[in-house]
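Worksheet for the structure shown next.
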Amino acid sequence: MSVETKSPVDIVVNGEPHGTTAATLAELVHERGLTEQRVATARNGDFVPERERATTELRPGDRIEILSPRHGG
Amino acid sequence: MNAPEPAIDTRSALTLYGEALPSRMLIGTAQYPSPHVLAEAVRASGAGIVTVSLRREQARGRTGERFLELIEALGVRVLPNTAGCHTVKEAITTAQMAREVFGTDWLKLEVIANDDTLQPEVFGLVEAAKALAADGFKVLPYTTEDLSVADKLLAAGCKVLMPWGAPIGTGRGLANPYALKSLRAYYPDVPLIIDAGIGAPSHAAQAMEMGFDGVLLNTAVAKAGEPVRMAQAFAQAVDAGRIAFEAGLMGVRDMAQPSTPVAGTPFFDLKRGP
């Protein structure tokens, strides 16, 4: 994880306001302790495949979804 | 001594998207009292396909991973859904996310019109089905009994249709058997699975007797007093209904007709009545 001092970027993660110093979606997943989990991500309503998370830069106001498997009917 | 008749293997006959399945029952994984009961109920149902979903994962959460491990241990095919999606865009994004996480291109496509009825939003459903089928998904759409919608879903690339029996979670059985019968008659060669509204094993048997290829249900088992036993009951009902369909049901008559031979009835010659 990045250690330099950065001002947090205000984004929305799973519907909740969130300030983050993560520069990319991959860093955000890491920051939330989900790197080892099978999760799927989307930004502003668009799917972001796992391989593109490291190059997906976070911008103020981004709406991020981080989803994982659940029960379903 | 006569050799025993070979048992009719009604459970090996369902083929969806080229894959032979061990059962004509598909079962949902939601609302069970515990993960253990869920696993036992799925086993008891004999289902070869279970439906699953995607939901938001908390920071440092392990819920998804634990659930996936439970499902993987069952050794069945997972069918991710797009439950809760109200727009084409939401459904497509959810489908893409599900394909990556679950590692399957099979999809139970739901686009919901109304939160009270959970009625399929059929216009969006057709549009999403077209886009997803073109993107390589094997789409199993949750739809109504409407023939014109069915036509459009098939044209969009769906090889299976899943008309509702009744709205999701109602347990009302087959609300419109006449229209479902028409759908069955109109598409004799398309796999049709009754999805939603099944509340009792008799509903499942009815659907199977009508010639539907399978049933997908969840609440009726998960919310039963004893889900594992109810799963067994459904498995038997689905088998019974399928065998009955294959055996050919008698026609319904308006008038009574004695089943015992009339010829040779005693006392025929005696005058009856006062």
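Here, each number is a calculation from the coordinates, and none is a lab measurement. The structure displayed is predicted, hence computed values, not measured ones. Note: ideal-geometry Cβ built from the backbone for every residue, glycine included; neighbour counts use all protein chains shown.
Overall shape: prolate for chain A, with the ratio a/c of the largest to smallest alpha carbon gyration tensor axis at 1.5 or above and a/b above b/c. The GluC sites (Glu not before Pro) found in segment A:15-47 that occupy coil by DSSP, while having at most 11 further C-beta atoms within 10 Å, are A:36. On the basis of the beta-carbon distance and an R0 of 25 Å, residue A:10 and residue B:117 show a calculated FRET efficiency of 0.10. Listed by chain and number, the lysines whose alpha-carbon sits under 16 Å from that of residue B:108, ignoring those within fewer than 8 places in the same chain, are B:89, B:130, B:138, B:159. Taken as Cα centroids, segment B:140-162 and segment A:19-63 sit 35 Å apart, rounded to the nearest whole angstrom.
Amide H contacts under 5 Å for residue A:48: A:41, A:42, A:43, restricted to partners 5 or more places along the chain or on a different chain, H placed in the peptide plane at 1.01 Å from N.
When B:82, A:41, A:35, A:20 are sorted by how many other C-beta atoms sit within 10 angstrom of their C-beta, beginning with the fewest, the order is A:35, A:20, A:41, B:82. Against chain B, whose longest principal axis comes from its Cα atoms, helix B:63-74 is set at around 40 degrees.
Contour minus end-to-end for residue B:59 and residue B:249, with contour as 0.36 nm per residue of separation and end-to-end as the Cα-Cα distance?
62.8 nm
Counting neighbouring beta carbons within 10 Å and listing from fewest to most, the residues B:23, B:53 come out as B:23, B:53. Helix B:122-134 versus the longest principal axis of chain B: what angle, 0 to 90°, nearest 10, using Cα atoms? Tilt relative to chain B: about 70 degrees. All other residues whose Cβ lies under 10 angstrom from that of residue B:158 are scored, Lys and Arg at +1 and Asp and Glu at -1, for a net of +4.
Take the Cα of residue A:52, step 7 Å toward its Cβ, do the same at residue B:31, and the gap between the two points is 3.6 nm.
Sort segment B:39-94 into rounded, prolate or oblate with this rule: let a ≥ b ≥ c be the square roots of the eigenvalues of the Cα gyration tensor; rounded if a/c is under 1.5, and if a/c is not under 1.5, prolate when a/b is larger than b/c, oblate otherwise. In terms of gyration-tensor shape, oblate. Going by neighbour counts of Cβ atoms within 10 Å, the residues B:85, B:158 line up, fewest first, as B:85, B:158.
Kirkwood radius, the protein assembly as shown, all distinct C-alpha pairs, inverse of mean reciprocal distance: 22.2 Å. Along segment B:255-270 the Karplus relation, 6.51 cos²θ - 1.76 cosθ + 1.60 evaluated at θ = phi - 60°, assigns HN-Hα couplings of 10, 5, 9, x, 8, 7, x, 7, 4, x, 5, x, 6, 4, 7, 7 Hz to successive residues, with x for each Gly and Pro. For residue B:175, the amide hydrogen comes within under 5 Å of the amide hydrogens of B:166, counting only partners 5 or more places away or on other chains and with H modelled in the peptide plane. Rounded to the nearest Hz, the phi-derived 3J(HN,Hα) couplings of segment B:136-151 under the Karplus curve 6.51 cos²θ - 1.76 cosθ + 1.60 (θ = phi - 60°) are x, 6, 9, 8, 10, x, 7, 10, 9, 8, 5, 5, 5, 5, 4, 4, where x marks glycine and proline. Charged neighbours of residue B:65, selected by a Cβ distance under 10 Å, balance to 0 (K, R count +1; D, E count -1). Put the Cα centre of segment B:249-274 next to the Cα centre of segment B:175-246 and the gap is 36 Å. Each peptide in B:36-48, B:190-202 receives the mean, over its residues, of other Cβ atoms within 10 Å, and ordering these scores from highest gives B:190-202, B:36-48. For segment B:1-159, the square roots a ≥ b ≥ c of the C-alpha gyration tensor eigenvalues yield an a/c of 1.5 or more together with a/b not exceeding b/c, which makes the shape oblate.
Near residue B:210, within a Cβ-to-Cβ distance under 10 Å, what is the net charge of the other residues, with Lys and Arg +1 and Asp and Glu -1?
+1
Distances between placed amide hydrogens fall under 5 Å for residue B:52 paired with B:79, B:81, all partners being 5 or more residues away or on another chain.
Computed from phi, the 3J(HN,Hα) profile of segment B:24-29 under the Karplus parametrisation 6.51, -1.76, 1.60 (θ = phi - 60°) reads 8, 10, 10, 10, x, 10 Hz, with x in place of Gly and Pro. What do you get for the angle between helix B:88-102 and the principal long axis of chain B? Use alpha-carbon atoms, 0 to 90 degrees, nearest ten. Roughly 90 degrees between the two axes.
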